[in-house]
Structure formats: C-alpha cells, structure tokens
Amino acid sequence: MNKDNPSSLHMTGNTFDEDTVAKNTRWRNLVGFWILGLCNNYGYVVMLSAAHDILNIKFGDENSTLITNNATNTTGIRTCNTVSTGAILLADILPALAIKMTAPFLPFLVHVRLATCVLFSAAGFLMVSLSTVEWLAILGVVITSLSSGLGELTILSYSNQFSKQVISTWSSGTGGAGVIGALSYAGLTMVLSIENTLLVMLIVPLLQAITFWGLLKHPAHSRISITKNDVESQEQIIKVPEKSIRDKIRLVPGLLKYMIPLGLVYFFEYFINQGLYELVEFNGIWLKHHEQYRWLQADYQIGVFISRSSVNIVTFDKIWIMSVLQLFNLIILLFESIFYYIPNIWIVFAFVLWEGLLGGAAYVNTFFRMSTEIPRADREASMGIATMADSIGIALAGWLSMPVHNAICKLPQPKRLGS
C-alpha cells in the first residue's frame, strides 16, 4: 500500500469495513436462524411433552382409565391411557400438515407470515393454559401447530436468500427445541403448575419476533435474485418472479426423491414415539412409569439435536438407508412393548437415542441436499413443498399408532426377561 496515496488508504479502509460488515451480517444470520428454529419448534415439542398431562388434566379422567384384559391377565396389568398420546400428536400435526399443503402455493409474504406465526404461537400457549373446557385446550394445540407448520415452510423457503449454511443452523435450532423444550417443561413443572409453566413460555414467541425483525439481517430485495452464473456475486442481478400455482405443482414429481425417504423415516419414528414409548415399562427401577416416558422423550430429543447439528461435519446422500434403519428400530421396540424381552432400560435408551439420530440426520441432510442440488430459481418453492413430507409421515404415524397402542394395551403384561 502506498502511504502517500490517500485514495489507496481509503480503498483499503473500505475493504476492511466491508469485510467486517459482511462477517457481522453472516454471524447475525447464522445465530438468527438457530434461534428461529428453536422458537418455531418449541411450542410443538412442549405440546408433545405435555401429552400425558393434557390427557389427564385437560380432558378429564375418562381418558385416563386403564385398559386391561382381566380374563387373560396372568402376569400383570398394563398401565395404559385409553387414548394414546397419538391423539395429541394428531391434534399437533394435522393443522401443520394442512398449512404445509396449501401455503407453499400462496404468495410468499414473509413478514405477514412470520407475524401470523408469532401471534398464533402466543395464542396457543394462552389457550391451553387458561382453558376451562376441552375444546379450547384442543384449539390451543391446533393453533400452536399452525404456527409451527407455517413457520417451518416459510423460513426454509426464505433461507434461499441467505448463505446455505443457515440450513444447518436452522436445523440445529429445531433440534435444540426438542431438548430445551422437553427439559424446560419438565423442570418448570417441578416448581410451577402446568398452567403457569405455559404462561412463562410466552417468552418464546416474543423472542421469535425480536430475532426476525431485530437480529436477522434481511436482504435488500424482497424476491430471490440470481446472477448470470447462478452464484453469489454482484454481477447481472436478475429478479425471479413469483411462480404460479401451476409452476409449483410441476415441481412436485422431481421432489419425491427427497420427500418419500424423509416421510418414511418420520412415519417409523413417530409410530415409536407416540404409540410405543408409553407401553415400555420397567418395574422396580429408579424411575416411575411416567418418568420413564418423559426421559425416553428427552433421550430421543438429544439424538435429534446432535444429528441436526452435524451437517457441517458429515453429510449423507442416501436418505433411504435411514428409513430402512428406522424400520428396524420400529420392529425392535414393537416387540419389546409386547414381550418385554429387553432386560435393561439402558438398552432401550440406546435404541431411542439411535432413533433420534436417524430422524435428525434425515431431516437436515434432505434440506441441505436440496439447497445445493435444486436450481436457485426453484429452491424457494421446493423447500416449502418438501416440508410436507415429514408432516405426512407424522400424521400417518399418529393415526395408525392409536389402534396398535390400544390392541397392545389389551394384552396381559408379560414378566420382564431377567427379572
């Protein structure tokens, strides 16, 4: 650099300032997407973690009666809810699925959508907390689900306007929601009532709003821009117009290679979570039955968080392998819920952690692949459409897990192997 040339110094200073601003913007966006992932999935996770409590307290004692088969019961009585936690799962996922099947084909008004998410999230916590009648509590679960579903498809679509690394931090944040949601609910309910616990959680939609409109550094344009070479540069910026509904529908066949394996992973996964966890019981250990259920959920969420945060370390292209491995998990835990052949709860914890690792890895690798393989002009719409896959799998799992759960409940409780 020529010290006698002021313009040289000025240019160097500008370059330094631009680099600093660019790094600051990058980190703000990475952190912002992590927090948005956390806030978006937090209410959804809390509603599932509270499934037993909602069934017992909000829906009355009639759903808490035990199913037994006294005529054939020779070894023990199973402690089961007549309505499995699959019922809460359906209330928690069907609205999200409905919004995911419609919103991707509607105009992409990102600020309006996020404002709706924040308001719905807050309303959901308030309704479930303050409800005195059953339908209002159910409506609270439904509205929370709408908020989560709309938020997921909107933020994933919006991520196309940022560095592809935000997919990783978003996924990590959604995984963190599982761990933080489950643990915070369990911890707060130790010192507060369920109603007051949900009121405290109103801080989450507030944090979501602060992050989106305060922390995130939004691009200057409101539509996707691409360059001549489809790379992130400043040359020949072209605005991509909003796709028509017909254009978006035409994208669906090409997305099935991403959506089918992801949907299968989540079908097997949530069949286990909402249909079988409650049926796995170890007597005479340091955890009571309801505590075992909560810790199995927490164990699963830890696995999800680890794998959803791993895409910058390791990536997988063949998501179908994860669906096959998840099917094996389902078979192993299904037979465990019927025959009690696993001698130690720590073995079950290991399978459940593995289940969470597979589910989280399938999610983050699917969307990361899409962010690199799909043309930039199609990416926004494709991301939104693909979010239907996991919700369809979860909805089918919730529906099918209920009759299976009730059928197993009618079986006599076997004697634990090795006990």
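The values are calculated or read from the model by the stated rules, or taken from the named source; none is laboratory data. Everything numeric here is computed off the predicted structure, so don't read it as measured data. Note that each Cβ is placed from the backbone with ideal geometry, even for glycine, and that neighbours are counted across all protein chains shown.
Of note:
- Candidates GLY86, GLY60, filtered to the one that is surrounded by 16 or more Cβ atoms within 10 Å (Cβ to Cβ) and either at pLDDT 60 or above or not basic (Lys, Arg) (or both): GLY86
- Condition broken by TRP354, with the remaining ones in (1) without any contact (Cβ under 8 Å) to a residue 60 or more places away in the chain; (2) closer than 26 Å to LEU251 by Cα satisfied: (2)
- Members of the stretch 196-234 that are modelled with pLDDT under 50, part of a loop (DSSP other than H, G, I, E, B) and surrounded by 14 or more Cβ atoms within 10 Å (Cβ to Cβ): ILE224, THR227
- Enumeration of residues in the stretch 371-415 that are outside any helix (DSSP H, G or I), buried (at least 19 other Cβ atoms within 10 Å of the Cβ) and not hydrophobic (A, V, I, L, M, F, W, C): THR387, GLN413
- Of all residues making up the stretch 137-176, the number that are free of Cβ contacts under 8 Å to residues at least 60 places away in the same chain and touching a Ser or Thr at 6+ places or on another chain (Cβ under 6 Å): 0
- Boolean, GLU336 is among the charged types (D, E, K, R) and within 24 Å of the chain's Cα centre (by Cα): no
- ILE237 being hydrophobic (A, V, I, L, M, F, W, C), more than 24 Å from THR25 (Cβ to Cβ) and modelled with pLDDT under 95: no
- You will find that of GLY176, GLY187, GLY181, the residue that is more than 21 Å from TYR158 (Cα to Cα) and surrounded by 15 or more Cβ atoms within 10 Å (Cβ to Cβ) is GLY181 and no other.
- Applying the criterion of being hydroxyl-bearing (Ser, Thr, Tyr) and under 13 Å from the mean Cα position of the chain (by Cα) to the residues of the stretch 150-189, the residue that is farthest from MET101 (Cα to Cα) is SER172.
- Cross-chain or 6+ apart pairs with Cβ under 6 Å, the stretch 189-201 first and on the phi < 0 side of the Ramachandran plot, then among the charged types (D, E, K, R) and part of a helix (DSSP H, G or I): ILE194/ASP53
- Restricting attention to the stretch 244-297, the residues that are among the basic types (Lys, Arg) and either touching a strand residue (DSSP E or B) at 6+ places or on another chain (Cβ under 6 Å) or without any contact (Cβ under 8 Å) to a residue 40 or more places away in the chain (or both) add up to 4.
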